[in-house]
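Here's the structure we're looking at; comments come further down.
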Amino acid sequence: MEHQLSLFYGLSFLTAILAFAFAAYLYLWVKKQPAKNAKIIEVSKLIKEGANTFMRREYKILAIFALVAAVIIFILLPEPVWSGDPLDNLAMAIAYLAGTALSAIAGKIGIMVATLSNSRAAEGAQKGIKPAFLIGFRGGAVMGLLVVGCSLFGVAAVLMIVGDASILLGFSFGASSLALFAKAGGGIFTKTADVSADLTGKVELGIAEDDPRNPAVIADNVGDNVGDVAGMGADLFDSNVAAMTSALVIAQSLSGDGMANVSMIFCYAILGLLSSIIGIATARVGENGNPTRALNSSTYVTTAVFLVLTAGATALFEGFSWRIWGASATGLLVGVIIGITTDYFTDDTKPIVRKVAKASGSGPAFTILSGVSYGFISALPAMAGIAVSALVAYKLCEPMGAGYAVFGISMAAVGMLSIVGMIISNDAYGPIVDNARGLAEMGGLGEETIQTADALDSAGNTVKAVTKGFSIGAAGLTVISLLGAFMSEVNVALEAAGKPLITGFDIMSPTVFFGVLIGAAIPAVFSAMLILGVDKNAQRMVAEIHRQFNTIKGLKEGKPGVQPEYGKCIDIATSGALRELIPAGLMCILATIVVGFIGGPLAIGGFLLGNIVSGLLLALFMSNSGGLWDNSKKYIESGEEGGKGSEAHKAAVIGDTVGDPFKDTAGPSINTQITVVSLVASLLSTIFVAFSLFG
């Protein structure tokens, strides 16, 4: 078994290097595509500079946070340094810093590729759907391959060096804490600019979405990159690492074939990355093809390849169990089903989006009411999917022995995230073609090119909604398995302290119920803090846009040579996002610590349960209703229900403005928040056993 594990360590490194090599090839391919329009090159440069400025300032703040956290981790974890082995504490602190660094690197390279791809996709749209789609998708695929390659390489390296999966919790916490702040900060930035640009441009002045007269338009394009590329990349890097970590922690605690189970986790992760490489390489769209269908069919190809390869590996390798394969396959299939149901609620070719567009003709109140209602309904299929996959995985693996049932759930999460390379590629495609659409308009490439870019952008919006549903579903399974990892960590500490072990969390226990109620409230407060951050920031930016339109002569009329001060809006979005990103994340971490010190491990179990259920509901509702409003607006802009400038259009723009911070700031940040508090609970489990008021 040792030999088998060594084989999979080696294969993990080789597969990660293959992914990096393929990503480098795609990057060079995109770079070779023509970019000749002077105006587009100029605007693309402004977007790149704005994104890099924001990332540089954000990473400086996060570096200070990471260093402080690393010192605290070294002093306290896995045990206080004065009572344990200092080398373990040092390993945990270094693993934490490695997790933050790899997550940051993946985000930074993703930004570099996205800002390179957008101008080329805009010019590719002049030749039609096919070349522009390929540029946008391959640009996004660089991000997908890097994120999964980094996560597989990092997890394998840490476990091979230290041999203790508990140290991986530090690596995962590093990835999660950076993802939490990157997603929150990027989300506040992007939606500050988007909301401000829409309200002042479309609603007040009746000008186009990406009209270069609007001072917020460059900030909006910068935001697509820092929010949807760097932020979402960090988020899915975190989810992938957390899923593997929780599975490995549980696998090492199992009696029997623990080593075979560790090998199986790495084997499935390797095959998932290989499947994504095959899916990315085969992605195509015809001359007049449907980009949404092309993106979805690539996902289905990747899914089928993964199921076949893992079935072959399960049959081939000693100690691999068909029950665990079944749990993994269930997770993946449910992930695809969640994607399909999300698509039904957010695709403008389906009835729900059209119903909301029709309701918009009666005014913005009906846009909001219908969107909120369908958003809540859309949460049920995904919640039911997560519940069914957890139940099936649990029951499949339960006969294998003690602890295997929860291990089954963790393998369902690994299965769901196995095709994450393809999911991130689809997701990063969205902001690239969104930018391309804006650049096509600002570069004066003509109405036909803008319509082509619009078709690509609409597919990006639909697929982004699907990938958000998928990532939230995966986070749901991951945190259920992290709850299992928390129990195994707590039980080690309880056994050492001579206290009775935990076998479950009884909600009739007042300590557990105390934790449930507090945990359920945290995602709502977290969301409110992020949305208020967008609200306050957008108000400042709207005031700045008004100032420019009122004081810069000839700007409103679009006189030649008159330029808005784009930098002022970028600076407002940057400083506001950086001011708001730390408090919301710290609130979640501090709440977990306070509950742990008050109620001990049982209260923390309840806290995590409440946090998971409430967080998943809110995340799904906000992501789906936001995507629904966005595509309702785009459906009307295509000429339906009165078209651009109609009352229905104005109402739909207001719906989209409300949905923007829902779908791109709060919604997708919640799954990272759930992961962070789960990891904080596992890391501090020993301390909560030793010190608590009522535990």
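The values are calculated or read from the model by the stated rules, or taken from the named source; none is laboratory data. Small disclaimer: the values here were computed from a predicted structure and weren't measured. All Cβ positions, even for glycine, are placed from backbone atoms using ideal geometry, and neighbour counts span all protein chains on display. Ligands, DNA and RNA are stripped out before the accessible areas are found, and what is left, the full protein with its side chains, is counted by its heavy atoms. Shrake-Rupley method; radii C 1.70, N 1.55, O 1.52, S 1.80 Å.
Observations
- The fraction of accessible area contributed by carbon and sulfur in the range 38-111 is 75 percent, rounded to a whole number (1.4 Å probe; ligands and nucleic acids excluded).
- Highest-first arrangement of 267-275, 114-122, 556-564, where packing means the average Cβ count within 10 Å: 114-122, 267-275, 556-564
- Summing charges over all other residues whose Cβ lies under 12 Å from the Cβ of Ser458, with Lys and Arg as +1 and Asp and Glu as -1, gives -3.
- Counting only protein chain heavy atoms and rolling a 1.4 Å probe, the accessible areas of Trp322, Trp29 rank, largest first, as Trp322, Trp29.
- Taking Cβ atoms as reference points and 13 Å as the exclusive limit, the residues near Ser151 contribute a net charge of -2, counting Lys and Arg as +1 and Asp and Glu as -1.
- When the C-alpha to C-alpha distance is required to be over 20 Å, the pairs from Lys536/Lys663; Lys358/Lys644; Lys536/Lys568; Lys45/Lys202 that qualify are Lys45/Lys202.
- Heavy atoms of the protein chains alone define the surface here; on that basis the range 448-550 has 38 Å² accessible area per residue at 1.4 Å probe size.
- Candidate aspartates and glutamates for bridging to Lys130, where Cα separation is under 20 Å - those fewer than 8 sequence places away on the same chain excluded: Glu287, Asp427, Asp434, Glu441, Glu447, Glu448, Asp454, Asp457
- Just the protein heavy atoms count here, and of the accessible area of the range 554-695 at 1.4 Å, carbon and sulfur take up 66 percent.
- Carbon and sulfur %, accessible surface of the range 335-472 computed with the full protein complex present, 1.4 Å: 68
- The HN-Hα couplings worked out from phi for the range 382-398 by the Karplus form 6.51 cos²θ - 1.76 cosθ + 1.60 (θ = phi - 60°) are 5, 4, 5, x, 4, 5, 5, 5, 5, 5, 5, 4, 4, 5, 4, 9, 4 Hz, whole numbers, x standing for Gly and Pro.
- Summed side-chain charge close to Ile423 - residues other than Ile423 whose Cβ falls under 15 Å, Lys, Arg +1, Asp, Glu -1: -3
- Evaluated with a Cβ-only charge set (Lys, Arg +1; Asp, Glu -1), the chain carries a dipole of roughly 1020 debye about its Cα centre, given to the nearest 20.
- Per residue value of the accessible surface for the range 614-695 (all protein chains in place, 1.4 Å probe), Å²: 25
- Accessible area in square angstrom per residue, the range 561-605, 1.4 angstrom probe: 34
- Ranked by how many other beta carbons lie within 10 Å on average, peptides 394-400, 373-379 from highest: 373-379, 394-400
- Ranking of His3, His649, His546 by solvent-accessible surface, largest first: His3, His546, His649 (1.4 Å probe, protein heavy atoms only, all chains present).
- A 1.4 Å probe over all protein chains sorts Ser166, Ser297 by accessible area into Ser297, Ser166, starting with the largest.
- Using a probe of 1.4 Å on the protein chains alone, the accessible area found for Arg354 is around 100 Å².
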